[in-house]
Amino acid sequence: MKYQAKKIENKWQEYWKNNEIFNVKEEHKKKKFYALVEFPYPSGEGLHTGHLRSYTAMDVLARKKRLAGMNVLYPIGFDAFGLPTENYAIKNKIAPQIATTKNIANFTRQLTSAGFSFDWSRAFLTTDPGYYKWTQWIFIQMFKHGLAYKAKENINWCTACKIGLANEEVVGGVCERCGGQVIKKEKEQWLLRITKYADRLISDLDQVDFLEKIKKQQIDWIGKSEGAEIDFSLTSTKEKIKVFTTRPDTLFGATFMALSPEHEIIGKLKANINNIKEVEDYIKQAKGKSDLERIENKEKNGLEIIGIKAVNPINNKSIPIFVADYVLTSYGTGAIMAVPAHDERDYEFAKKYNLEIKEVISGGDIKSGAYIGNGQAINSGEYNGLTSTEFKEKIIAWLAKNKLGKKTINYKLHDWIFSRQRYWGEPIPMINCPKCGCLPEEEKNLPILLPKIKDYLPTDDGQSPLSKVSNWVNTKCPKCKGKAKRETDVMPNWAGSNWYFIRYCDPKNNKQLVDPKKAKYWLPVDWYNGGMEHTTLHLLYSRFVFKFLYDIGAVPREVGSEPYKKRTAQGMILGAGGIKMSKSKGNVINPDIYIKQYGADTVRVYEMFIGPFDQAITLNDQGVNGVYRFLNKVWDLSAKTDKKIKDSDEVLRVLHQSIKKVGEDIENMHFNTAISQLMILTNFLDKEKKISISSWEKFVLILSPFAPHIAEELWEKLGHKKSLSAEKWPQYDKQLVQADSIKIGIQVNGKLRDEISLPYDSEPSQKIEKQILSMDKIRKYTDDKKIVKFIHIKNKIISIVVK
RNA sequence: GCCGGCGUGGUGAAAUGGUAGACACGCAGGACUUAAAAUCCUGUGACCGUAAGGUCGUGUCGGUUCAAGUCCGACCGCCGGUACCA
């Protein structure tokens, strides 16, 4: 019979489902393995090939770990709240709930057809009230612990649609939907105090096994920098301006000060500013700039504030003050001491406006540009000669003693804006009472259901569409029972994906976020794989939320405060032309087509074979054929099995080498070389007349993580009644892996001239040396020469140096 | 600009400092076939040579070493992340 992929794939997918082969329970005698992939957002386009790559890789690992005797949890769910669905709903006037249901049916079909060994009994949607009840519960706990608060924040505002946009909706500085200009606008928002966890989010990275580049991304995103806050007094007023600097050692070189356009002191000192009208004009045009314009126009510009000057505390010199939009309001104090000699931006600004450039650290050439490195202090009075490090310490001590400043730490990371003026998200479970203020909803009333509405558009002034649902908005105050109103903002996309991996441990629990016993067994996640695009925000946010849940005891102590033991990332899948797949470029590939044409096993093996897992790959038709041929060959080989046969030593050797290599390669995510080894073994077996049952079984088992359907079918053909998923990963025999003899190369003066077959592990000896030197091809190069060196590295090489 | 990663046949790619190009695609020739597809066999880095064999060859230029795709230095190119973070 010929290999019929579709037929056997349907058969085994049914079998796995009906027999709940991959559904797991806590089994305390067994070692657990929690394999996690990023759950998909069920978009209308269906499963992306990138998902397929990640899910296949973890499926291979999960299946291998099962065979290794572990209790493997490999769950799946859907991250179903979000903007694309909401925008789709607005455009087509269809309830997002309906679009979601439809999309999920499609995703489920696709995921099933690829043969992933998910525990479907644990699947949920983040839009399930039973799930977002706990998303809301977490928010309330954050509020109760002072980590959720309201504040005025600048948000992206589309001037055409007149609505607030999430960062991900601003593409290239314009509105993703209408192409309209996006500016910053102040609005009251909910924020989460992630900055309180910044230090732990850095230091606890020591405890986990993440790819180094991922750790680095986390650290860079948090952006911790140590420096000093320094007070500059002002002439003609008692006000002061605080600046932040990482280089207090350059204080003598501060020749002007620059304020961000948003700096509050300007409003306060209006009366003292002689050119207030020009200053206000400058501020107005700076604020009106879109992000796009700010990015495009990188040339620094500013305006001097006439009438007040700042006084450098170290030498009492008056220096001019500028307002300049290269100074960010959102970092540090929104004001800087400018040291043109030792900062590139300040240098550029000083050149443009003809300001003093005073060198205070030696080591550079100030005429040609700023010197930003460390060095020795010069032009710094009594501090001259100190190194930058010594100088920093001394000057901070001096500032502190004179109450002019102090050591400070700053972060790039900001508190996390956690509200959206949208519909399709978890309602923020807060109530505004005119008497009692802003209070959390009573926990017994959770979940606060998202009401069904007809019009999903935000209001003209940017309020959430929920604000139009008066019978939902109007409620009672949980404290005084008087009339009160619900918070109408909803949570961002991230809310549901922050903690979903916890819920997989106990997805149906209605009394607790998670049963501590179950959490204790399954958590932390042993191995989390996903895309690099989620290794900053999602990873950081979910680590933060997990730490918080750990702190309040919602996650048991024994689990620890890090959610993921190990995190890896697959390379991107590029479309035709080696560019990112995107709808607008029309190069998106739907995995369905390949699965239909070749079957899931072929697609799985192909995706794993095409290149190194962590590198970007370009998907094309080249190579799929080869994998399909390989599986056909495997199928045909099964006809050669024979009960009576005993395999040759050579067959056993290649088999045991393969068991070793495939097993190790899977653990290291070197899937491509694992498959090439399976191909080598297949080609080898193909040359044999008969194959023993025992060898064939081992082959089928090591193939099974990659091509589970064909493996199950071949296993059944051998007369087994049960799925091979309950079998054991074969052991390799160390003795058998080594061949008796080994061929090694012989070099003369670095050039390969011949090779010789020696018994394995032959130690260097006079005898071998003599033998080699008597070989014809070697004599050709050595006979009339003097042998300077004779090197024999066991099992590796023989290298002769002649003169 | 800064921070990562990468650069090897016509193509995807292998290679703990130890015989570069495993494995696969494609291509060429052959077998089977009325024919095609499928399958099988042979060849396939470049150059010289009928062959045996030789020379060159892992982005470029240098260095370390008996030995470098791999280590070190400088440079060029591509990809990804980030962006005025004081």
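The values are calculated or read from the model by the stated rules, or taken from the named source; none is laboratory data. Treat the numbers as computed from the prediction; the structure is a model and nothing was measured. We place every Cβ from the backbone using ideal geometry, glycine too, and count neighbours over all the protein chains shown. Protein only, heavy atoms only, side chains kept; ligands, DNA and RNA dropped before computing areas. Shrake-Rupley method; radii C 1.70, N 1.55, O 1.52, S 1.80 Å.
Worth pointing out:
- Taking label points 7 Å from Cα along the Cα-to-Cβ direction, residue A:717 and residue A:768 give a separation of 4.4 nm.
- Inter-site label distance for residue A:224 and residue A:121 at 7 Å from Cα along Cβ, in nm: 4.4
- Gained length - residue A:394 relative to residue A:275, 0.36 nm times residue gap less alpha-carbon distance: 39.0 nm
- Filtered trypsin sites (Lys or Arg not before Pro), region A:61-113: DSSP coil and at most 11 other beta carbons within 10 Å: A:93
- Computed FRET value (nearest 0.05) for residue A:474 with residue A:109, which takes r as the C-beta separation and R₀ as 35 Å: 0.25
- Eligible aspartates and glutamates near residue A:11 by straight Cα distance, threshold 15 Å, same-chain separation 8 or greater: A:20, A:601, A:712, A:713, A:716
- Whether region A:423-564 is rounded, prolate or oblate, judged on the alpha carbon gyration tensor where a/c under 1.5 counts as rounded: prolate
- Charge dipole of chain A about the Cα centre (unit charges at C-beta), most positive-ward option of A:437, A:311, A:353: A:437
- Distance violations [Cα-Cα > 20 Å] among A:633/A:687; A:187/A:268; A:2/A:596: A:187/A:268
- Sequence-distant contacts, meaning Cα pairs under 8 Å at least 6 residues apart, place the relative contact order of chain A at 14 percent.
- FRET efficiency for residue A:667 and residue A:736, using Cβ-Cβ distance with R0 set to 22 Å, rounded to 0.05: 0.60
- Per residue Cα convex hull volume in Å³ - calculated over region A:286-412: 137
- Gain on full stretching of the segment that runs from residue A:683 to residue A:621 - 0.36 nm per residue minus C-alpha separation: 20.0 nm
- Region A:348-434: GluC sites (Glu not before Pro) in DSSP loop, at most 15 other beta carbons within 10 Å: A:356
- Rounded to whole Å, sorted largest first: equivalent-ellipsoid semi-axes of region A:333-385, Cα gyration tensor: 19, 13, 10
- For chain A, the solvent-accessible area works out to 47 Å² per residue, with a probe of 1.4 Å and every protein chain left in place.
- FRET efficiency, residue A:551 to residue A:98 (Cβ-Cβ, R0 35 Å, nearest 0.05): 0.35
- Within region A:606-717, the ratio Rg/Rh, alpha carbon atoms throughout and Rh by Kirkwood, equals 0.98.
- Burial ranking of peptide ranges A:250-262, A:117-129 (average Cβ count within 10 Å, highest at the top): A:250-262, A:117-129
- Expressed per residue, the C-alpha convex hull volume of chain A stands at 240 Å³.
- Taking the Cα centre of region A:647-803 as origin and assigning +1 to Lys and Arg Cβ atoms and -1 to Asp and Glu Cβ atoms, the resulting dipole is close to 860 debye.
- Carbon + sulfur, % of accessible area of chain A - ligands and nucleic acids excluded, 1.4 Å: 51
- Based on alpha carbons, the Rg and Dmax found for region A:553-675 are 20.0, 61 Å.
- Long-range amide H partners of residue A:571 with built H, under 5 Å: A:614, A:615
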